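First up is the structure itself, then whatever we jot down about it.
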Amino acid sequence: MGPIIQKWKENLQKLIVLLIVKSMDNESILFVIGDHGMTATGDHGGESMDEIQAAMFVYSKQPLSSTDITKKSVKQVDLVPTLSAILGVPVPFQNLGILIQNALPETQCWCSSLFSLWNNVHQILTYIKTYSENSRTFDPDYLKLYFTEFDSLSEEMVSLNTFEKYEDFSRRVTDFLVKIRILCEEVWIQFDAFSISNGLTFFFLTIFFSFIISDGIHLKHLPFAIEGSFTIVCLISLLFSIFAVAVLSFSNLLSDFLYTSIFVANVISHLAFLLPIFQNWDVISLNWYTRKKTYGIINLICRFILILNVSAMFSNSFINEESSVLLFLLVSAVTLALLGVLVYYKPDQNLKKTDFISYSTMIRLLLLIIGVLVLLRLSTPFWRCRVEQEWCLNDVAKKATSKFNWTISVFSLVFLTILMKAWLKKCGNLSDFSYSVQEVIAKVFPSVIIVFVAGFWAFNNHLVGVKQPNTSSYLALAVYVLTGLSLTILITRPICVNVILNVNNAVVNIFNKLKGNEDQGNVPIVCGLGTVYSAFYSILGTFLTILIGLLLGDTFTFPLFIMAIVATAFLMITSILRIKMANSLEELFNVPTLVVLGWILLPQYFFFATGHQPAFPNIAWESAFVGTSGLFSNNYILGALVISNTFGTYLLAGILLPLLVIAPFTLLVMMPSACGKNKSFYVHCQKGEMNLFERDRMANGAVFVVCCKYIAGHAIKVFTAMLAATIHCRHLMVWSIFAPKFIFEALALFVTIASVLAGYLLYLKISVEIERFVSKLNKLN
């Protein structure tokens, strides 16, 4: 394939410029340009002259400007000031193009050309000056020389009085602009291969070493491996590196203190990572070997899914259609979990046959997975269109919201709240006869907040003609205040249980009589202690879903509800799988790769399902004015609202990440039949999530490992986006597809790290409060 093939000739013959020229009037000008060229073999996007050069044809029925200043070639950016001068509009501020004087219409006086040229000079100098004041990119000495030359040209321009002087002045001005552009190109266009390679190397090593430590070292050995010599060596090494770099900097032996400090700190840190790996390599090898026998085929398929997920970063076509790719991978992960439950086996040599679950349970799981697949399918109409998707015409974001969208979104939030309350009542965390602060927060506040959210959507979209000034903003502000108050109380008092202390209580007396413990009437009954961890995250997730739904609007709240349902179903299916596959309670603390991978794919897919795309034109800037329009304006608050809207799915999945460890223990107490024939679990079923508290050291390590794996799963996608942007740095689509994709993935990683850290700290907070609660109960006895 190339420019000499017959098909290319046929395409050129279809473009009849003569017909266009004949239809032009005297006030029109025709530009025929090529975006890029190609080699003899059809290659394009590279750096060869055949690939970066293209033809430009300018035609007008009126004469064009004729000067002695002729150019054999121009840059594409030169079209910007040229078209601005022809149209009579200001030159865009961020422009480095130089006016193409031969492409301007001929005028009676050269002064108009001088005006356009000097306007171009003034615009570029203003841009450079503004940029240099906010960044130290340019050398101040060079800038001073250019500004001095600009002052000299300004004085000379005043004395121009002949066309010959103008032509000479025009050449000097053009040379001056070329020098400024070369200065900028040396800083902006050239890629620092050394810094890029360092960034890629250190980032990959961080992911690689952290995954080996978190995945390889067994939970029983992990605290000793990290809390021992590893921490001391890391601290001493980092302090020594900072001291050494500081000494070298004060001795004027280093040119860049900041870059050297970062480089040395990275080298020292990664060398320190090798210490626990070498010390525990036998444990790592044995742990991987044991796990391979248990989840061998499932882990192999998970790796294949992960490879497909990250490989899409290297193709602009796959990035454009990433929503379809992620939907396929998420469905694959959910289906794989179901298949693991339907046909499971015990890794015991004495078992020669495969055990199957009961027929009724199989039907329920099949109905559950069918419902999940239907819900995922219902989320596809909410995908937004990219600029590159010319075939995509049904962009839901460009359509006005309807009353049907409002109704569906409101009912989704109401139904989610009802499910949360019903589940917590079944668990015993909520009751109809207790009104503690936590229960009021869980039972009353979500309904009140939903009323305000529904009112905001109604006033903002459907009652435009009758709304009062700032009414909708006050409603949204009320949502922020109530949600903030609820979360503050929930975090400070995370234990949501019911304690029955009254010895004259009929329920207590009947319970003690049935158990034959009539002498222990003073022993309180605690309801909901077996689901104390999951109850907190259920309430927290409900509040966050409502808040993010407010920012998304009534168009995209329904997909967020779908995400909550799919996540719940995924936790239930994978928890059954883990209980079936485990031989002891300690094995439930190990979260399989399938569970972590599925939880990673959830926010990545629903990022698209909630109406987002990794492209700057698709950012929902209107979310910055939800509750702020007409009331106040703070850039940090507005930015936080936009980030919460864009990466709300990542925020939600990160904070609720500890549920991956908690869910199997919740299922033990709420659905003991999941234990099947494993009688050793029946002893621990009544304790439920209190097994986490009793084995707090192992549980904390399990949550820590899940956090590391989850962050590593998102980080590996950022790494591939970095690598793809590096490989395609000369690609035509790098600034429209690959670079924005890398930026969005990096921001998603930052949001993920912050939310995961918050979720982990909240888990530790719950453990501390449970210990205080148990101590108070012991004092009562």
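Please treat every number below as a calculation from the coordinates, not as lab data. In this text the structure is predicted, and so the values were computed from the model without any measurement. Cβ sites come from the backbone with ideal geometry, for glycine too, and all protein chains shown count toward neighbours.
Of note:
- Dipole magnitude of the chain, debye to nearest 20 (Cβ charges: Lys/Arg +1, Asp/Glu -1, about Cα centre): 3540 debye
- Integer Hz, Karplus 6.51/-1.76/1.60 couplings in order for the stretch 409-420, x for Gly and Pro: 5, 5, 5, 5, 5, 5, 5, 4, 5, 5, 4, 4
- Sorting 406, 391 from the fewest to the most surrounding beta carbons within 10 angstrom yields 391, 406.
- Among the listed pairs 421/779; 426/779; 292/580; 425/687; 426/580; 75/179, those beyond 22 Å (Cα-Cα): 421/779; 426/779; 426/580
- Applying Stokes-Einstein at 37 °C and 0.692 mPa s to the Kirkwood radius of the chain, computed over alpha-carbon pairs, gives a translational diffusion coefficient of 105 µm² s⁻¹.
- Prolate/oblate/rounded label for the stretch 193-279 (Cα gyration tensor, a/c 1.5): oblate
- Cα-based helix-to-principal-axis angle, 445-457 vs the chain, degrees rounded to 10: 30 degrees
- Of 546, 116, 235, farthest towards positive along the dipole that unit charges on Lys, Arg, Asp, Glu beta carbons give the chain: 546
- The C-alpha atoms of the chain define a longest principal axis, and helix 635-646 lies at about 70 degrees to it.
- Estimated FRET transfer efficiency when R0 is 45 angstrom, pair residue 271-residue 151 (beta carbons, to 0.05): 0.25
- With contacts taken as Cα pairs under 8 Å at a separation of at least 6 residues, the stretch 637-737 carries a relative contact order of 21 percent.
- 222 nm mean residue ellipticity, helices alone, for the chain (DSSP H n ≥ 4; -39,500 (n - 2.57); rounded to 500): -21500 deg cm²/dmol
- Restricting the trypsin sites (Lys or Arg not before Pro) of the stretch 708-781 to loop positions (DSSP other than H, G, I, E, B) with no more than 13 neighbouring Cβ atoms within 10 Å leaves 730.
- Built amide H within the under 5 Å cut-off of residue 525, gap 5+: 500
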